[in-house]
């Protein structure tokens, strides 16, 4: 058996097998398995020097061929029914399918040669078209937006901002802020008492939501009372405290 | 070879090249003399013109180019420019609502409220003519202040910003209290 | 607007775009329904064909593209730069034909037919834009499935997958008969 054909020419075990069948002028349907297996093994003997990755695929096929060969060499069981399968059947199917696609690949190749004779052109979009910017259709853009929706959106933005504040830390923050010093509060109250003769403690506390601020305000009142700058009266326990300024306006 | 075939070849050449092609080059490709080539070229141009096609051949200083008929711009724009769908995304809407209620407002203030950068959103709103620059704030960095436009009012059919729905004070109070309650709970549970 | 005008617009669109354009997009640009657009498109294609022009319009799976008539190739190669075509080796062609006929197909299926690993071939075909991933098969390992692209249709001059050269029963039958004849001869000669 001469190995005239270059080994690299085979794209896989099936390709090699088809080549051997053609070379021996035998039918796919009636593979002389002994002969073909021997030839196949000779080929891959030659290939051993080559890449093992490629080899492994060829070796699988070699094993298959040897398996088929051994099956065929075994004495056949007495012919019971005609159902007895040719051990080569599966390989035959595989070879047929492979051959079919191989054939179609040649067909495609011809098509490609023809198709290559057709030339296309690159897009030539005129600069005027390229530069065109679609005008914004404000009416369409604002179609779903109503004022109340805009209002809701703003409120939910604010709510989200509120929620984002770390509760524990923000408390710490307030403590710091509430280091409103007593003297600051007193200065404020003195100023206030200059323009207001009578005022109530509760009224004074409006807008001073934090406990600390209320406490400092209370302390300031006490301090100013001690200094005689204001006088306070309270009818009953927990009632509002009425404050009277003793400072001349 | 006949005139018809030469003209067909010229057509294919101009199409493939896209750019302008000098008569000389065309003549060489066809193995024809310049005179004949020019004759066929002119005949082809005449054909194109008389058939009122969407493509025309124009002469540019001894070179020839295939291009579309000018009347076709409208269609070309519609196909070459994928219609950009302008939509007010959530980000844009939020930014717009902040600007509407807090104007004049700087980007830094918007970012403080939304917690994220607003460059893109603001410039989109400016592009849509809903928001405009109002001038710079006299503060470090002299940041630009933004406000809503007349277009903005017009698209809501209102005449002034005072007609914007008021921020519901009760609701605002609720937010605060809610936040405080949560804060207290947090402290209790920790 | 008249049919003539629509066809003129289609012509200009295809010329300008250079690439293939889906019928749907053309219909949208013309503000026409798909059916009418297709009717005008086919009429335009027929016109081009009957006039034996140097340019033709080809269909690629529902998209349309303008290109040269292949008879003009001789002139064109003298003047136009032939875009570099990838040379497909036999392995690539075999793998491509399996993908073309069996799509959607997994690498495992291709390997089963060819008897060898196809990783390299498939990724080359993907690189050449002849093959693309189609999504994963809902099966163990969720293997990727592959199919051919529009570029495949274009480079092989096929207008849709239905136009792939037929191979099925007849071809198979031929193989069989051929094989049988050979077998018989063998028996006679041995």
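Brief remarks on what is shown
- Acute angle (nearest 10 degrees) that the helix C:169-189 long axis makes with the longest principal axis of chain C, alpha-carbon atoms: 30 degrees
- Sorted by Cβ neighbour density within 10 Å, fewest at the top, the residues A:107, A:206, B:47: A:206, B:47, A:107
- Calculated mean residue ellipticity at 222 nm for chain C: -17000 deg cm²/dmol, from DSSP H runs with n ≥ 4 weighted as -39500 (n - 2.57), summed, divided by the residue count and rounded to 500.
- Percent of Cα pairs exceeding the 27 Å cut-off, where the set is chain B: 60 percent
- Among the residues of B:94-102, the average count of other protein chain beta-carbon atoms within 10 Å of the residue beta-carbon is 5.
- Max mean-square fluctuation residue, GNM over chain C, Cα-Cα springs under 10 Å, options C:128, C:75, C:48: C:75
- For peptide C:12-25, the mean count of partner chain Cβ atoms within 10 Å of a residue's Cβ comes to 6.
- Cα-only Debye scattering, segment A:206-249: base-10 log of I(q)/I(0) at q = 0.22, 0.25, 0.28, 0.30 Å⁻¹: -0.86, -1.00, -1.07, -1.09
- Cα-projected label distance for residue B:52 with residue C:36, points at 7 Å along beta-carbon direction, nm: 1.8 nm
- Relative packing of A:17-29, C:135-147, B:111-123, C:55-67, which averages over residues the other C-beta atoms within 10 Å, highest first: C:55-67, A:17-29, B:111-123, C:135-147
- Other copies of residue B:166: label-to-label distances in nm, shortest first, labels 7 Å along the beta-carbon direction: 8.2
- Inter-centroid distance (Cα atoms) of segment C:47-104 relative to segment B:80-152, Å: 51 Å
- Percent RCO, i.e. relative contact order, over chain B, from Cα pairs under 8 Å lying at least 6 residues apart: 12 percent
- Sorting the segments C:157-163, B:4-10 by their mean number of nearby beta carbons within 10 angstrom, highest to lowest, gives B:4-10, C:157-163.
- Average Cα contact separation per residue, segment C:3-73, under 8 Å, 6 or more apart, as relative contact order %: 33 percent
- Test item: B:150-160 mean partner chain Cβ contacts at 10 Å: 2
- Distances between copies of residue B:25, taken at a point 7 Å out from Cα along the Cα→Cβ vector and listed shortest first: 2.7 nm.
- Taking the label point 7 Å along Cα→Cβ, residue B:46 and its counterparts in the other copies are spaced 3.0 nm apart, in ascending order.
- Against the main long axis of the alpha-carbon atoms of chain C, helix C:34-50 sits at an angle near 80°.
- Long-range tail of P(r) for segment C:115-171 (Cα pairs > 18 Å, %): 50 percent
- Zero-based 10 Å bins, Cα pair distances in segment C:3-73, whole percents: 21, 59, 18, 2
Bear in mind that the values in this text are calculations on the coordinates, not laboratory data. Fair warning: this is a prediction, and the values are worked out from it, not measured in the lab. FYI the Cβ positions are ideal-geometry reconstructions off the backbone, even for glycines, and counts take in every protein chain you see.
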